[in-house]
Amino acid sequence: MEIAAKMVKVRKMEMILLLILVIVVAATAANVTYDHRALVIDGKRKVLISGSIHYPRSTPEMWPELIQKSKDGGLDVIETYVFWSGHEPEKNKYNFEGRYDLVKFVKLAAKAGLYVHLRIGPYVCAEWNYGGFPVWLHFVPGIKFRTDNEPFKEEMQRFTTKIVDLMKQEKLYASQGGPIILSQIENEYGNIDSAYGAAAKSYIKWSASMALSLDTGVPWNMCQQTDAPDPMINTCNGFYCDQFTPNSNNKPKMWTENWSGWFLGFGDPSPYRPVEDLAFAVARFYQRGGTFQNYYMYHGGTNFDRTSGGPLISTSYDYDAPIDEYGLLRQPKWGHLRDLHKAIKLCEDALIATDPTITSLGSNLEAAVYKTESGSCAAFLANVDTKSDATVTFNGKSYNLPAWSVSILPDCKNVAFNTAKINSATESTAFARQSLKPDGGSSAELGSQWSYIKEPIGISKADAFLKPGLLEQINTTADKSDYLWYSLRTDIKGDETFLDEGSKAVLHIESLGQVVYAFINGKLAGSGHGKQKISLDIPINLVTGTNTIDLLSVTVGLANYGAFFDLVGAGITGPVTLKSAKGGSSIDLASQQWTYQVGLKGEDTGLATVDSSEWVSKSPLPTKQPLIWYKTTFDAPSGSEPVAIDFTGTGKGIAWVNGQSIGRYWPTSIAGNGGCTESCDYRGSYRANKCLKNCGKPSQTL
Ligand code: GAL
């Protein structure tokens, strides 16, 4: 009896618990739909401001602060791509740890009370190596990327399902009480789909229905895809999207990438976008009916490891974003945008209620009024002239409008904000410096705490192999390393006709990129680099008898953009010839039997991660020589401020700290001299190369 009674009691308690649980879930799960005006969350249209933060471009330790700074800056939504190559570095071997802990990142956004827009892609572009695709995908038999191809679709569906399932399992969709209110499939396919012919149409239809079948309970978008099938929302990317209209009157006007600056390439000056223009673009978008816009990037961060796209995208992905690479506020950019967001939010009730009524106030002058039946009213007054300020009369009052600016009037009377008038203070941040040369030695003598290992020139690994002809690099290395050795022994008779006096000749090399070093008989003879095509003529001295030609080809990020970007290739594909400096005869080397080595010996040994007895710490250290591994120890500066390493004085390479690759460095890659301006006029249409700084200086040193 007793036992039974207890059981009844227990049952009752379970019932009560269950009931509470049901109530909690029902209270937090949100219903996300959309209509002509906006995304609709739990029956209410929303004006949303979003910003991109790509989780692997910062460390998990930085995430809470980045997210908090986003919230403080007035964001409602964090947008991120999902990076396939990071999550599945080898087929069926998944990684969701550390910088790839997507679940943690999404949960942190939720904890801060922000929504998430998850752009699964899984093609993402993003200046990410191979556009986010893992390179093993290239070797799937019969595969053709981003088109109606069964092997590709199978892999794309498998990965997309994996991510959606993971998000569902963790209850991260808004429909389950989580923060994800929107997901994206594909990325800007519409920009390049004509190259894929008729198969592009069926691929896009398939992508849409595949995504929908995953049943996330929240809407999907496709960006830059005019023909996005219903119910996918087609969205706009660009520096301006005020002129954009979605492909159906039932879809809201959404802007998934408002480029807050632009990315940096090695050898290029640094792009920046004045905040007056960025704010203008945002205000124009909400003025003309938009209700969702996303800063790409809000925090750009760092291309750690070998994740940067290509060719030649730098390790920094700062992007001139409102939060800088190190997670510090970029002022006045961040502050001015925060003020803008406040002003827009003051207009929300009017914005969601109706379409704007747009009227002209004169040449290049425009008013948009959102007026509701219940009497609320918001207005945006724009002067889109690139030169002349103007005074306009609106509702009987006079307003001054600087050129290329928008004033926001949340009550249709008082100006809460003008995009050209900055109230936030300018701030600049600087690093306090600590030397890595504790004994203060000259740069030739790097200091007693340094040690080194010389990387052999040419073939040194047991897995080297012979092949007739020149091999394309990505097919050969599968991108396991940046480095590929092409090595050739060639016999030279003293009387070769192409030899000039003193056995001088010219080695002609053509490569698809991105860097080539040529060694003749173990000595560096020349080098060159280029984005897609390198053509070198290197004067060399040969000896009578056997000569060794070792060519080291180095990739600096695989292509991430364009139709068939996966097939552009890299490395020394020829021709490679020996010719006379005076013209005349030449011999073809391309078709000879070459020896290949994928990667460096030190990479195989794991010098970056495991200890080795080979480190030499004799002073002076060899400097200004090709191919050396260097190592030192240093005390981390105290506190929790961001830390950077200044690579000034080094050449080109990859760096690790405590076994973690922090990316490629290349301070000897100098930006060209053209195109920089002392100050950039924010007025007039922005383009990626409009405002440049840092000409003639290293593209990146930190
Ligand atoms: C867009 C693309 C993004 C990024 C951007 C440039 O076209 O969708 O992924 O590559 O360009 O930063």
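So here's what we get for this one:
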item	result
Residue, surrounded by the fewest Cβ atoms within 10 Å (Cβ to Cβ), within the range 674-702, restricted to residues that are among the hydroxyl-bearing types (Ser, Thr, Tyr) and at pLDDT below 95	SER679
Only one of GLY74, GLY98 that is surrounded by fewer than 22 Cβ atoms within 10 Å (Cβ to Cβ), away from the ligand (no atom under 16 Å from the Cβ), among the small types (Gly, Ala, Ser) and over 20 Å from VAL643 (Cβ atoms)	GLY74
Matching residues in the range 131-183 - criterion: being surrounded by 17 or more Cβ atoms within 10 Å (Cβ to Cβ) and of a type in the set (S, T, N, Q)	THR147, ASN149, GLN157, THR160, SER175, GLN176, SER183
Number of the exception - ALA208 against (1) part of a loop (DSSP other than H, G, I, E, B); (2) more than 16 Å from the ligand (Cβ to nearest atom)	(1)
Residue selected from the range 493-518 under the condition open to solvent by 10 Å² or more (accessible area, probe 1.4 Å) and in a strand (DSSP E or B), by the criterion farthest from LEU578 (Cα to Cα)	TYR517
Top-ranked residue of the range 224-249 - restricted to ones that are surrounded by fewer than 23 Cβ atoms within 10 Å (Cβ to Cβ) and β-branched (Val, Ile, Thr), ranked as nearest to the ligand (Cβ to nearest atom)	THR226
So ASN258, is it open to solvent by less than 10 Å² (accessible area, probe 1.4 Å), in contact with a Leu (Cβ under 8 Å, 6 or more places away or on another chain) and within 13 Å of the ligand (Cβ to nearest atom)	yes
Subset tally (residues that are part of a strand (DSSP E or B) and within 23 Å of GLU276 (Cα to Cα)) for the range 342-385	15
Among the candidates TYR123, TYR130, residue that is in the same structural domain as THR307 (by the TED database) and assigned to a helix (DSSP H, G or I)	TYR130
Whichever residue in the range 64-96 is basic (Lys, Arg) and not in a helix (DSSP H, G or I) and, among such residues, is nearest to ALA478 (Cα to Cα)	LYS91
Single condition GLY217 does not satisfy, out of (1) over 18 Å from the mean Cα position of the chain (by Cα); (2) within 16 Å of the ligand (Cβ to nearest atom); (3) of a type in the set (Gly, Ala, Ser)	(2)
Matching residues in the range 275-292 - criterion: being touching a Ser or Thr at 6+ places or on another chain (Cβ under 7 Å) and open to solvent by less than 10 Å² (accessible area, probe 1.4 Å)	LEU278, ALA279, PHE280, ALA283, PHE292
Test result for THR235, in a loop (DSSP other than H, G, I, E, B) and modelled with pLDDT of 95 or more	no
Flag if GLN625 is open to solvent by less than 70 Å² (accessible area, probe 1.4 Å) and of a type outside the set (A, V, I, L, M)	no
Failed criterion for ASP305 (all others in (1) more than 16 Å from the ligand (Cβ to nearest atom); (2) open to solvent by less than 10 Å² (accessible area, probe 1.4 Å) hold)	(2)
Residue within the range 171-187 that is assigned to a helix (DSSP H, G or I) and among the hydrophobic types (A, V, I, L, M, F, W, C) present	yes
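The values are calculated or read from the model by the stated rules, or taken from the named source; none is laboratory data. A quick note: this is a predicted structure, and the numbers were derived from the prediction, not measured. In this analysis, Cβ positions are derived from the backbone assuming ideal geometry, glycine residues included, and neighbour counts consider all displayed protein chains. Calculation scope for accessible area: heavy atoms of the full protein, side chains included, ligands and nucleic acids excluded. Shrake-Rupley method; radii C 1.70, N 1.55, O 1.52, S 1.80 Å.
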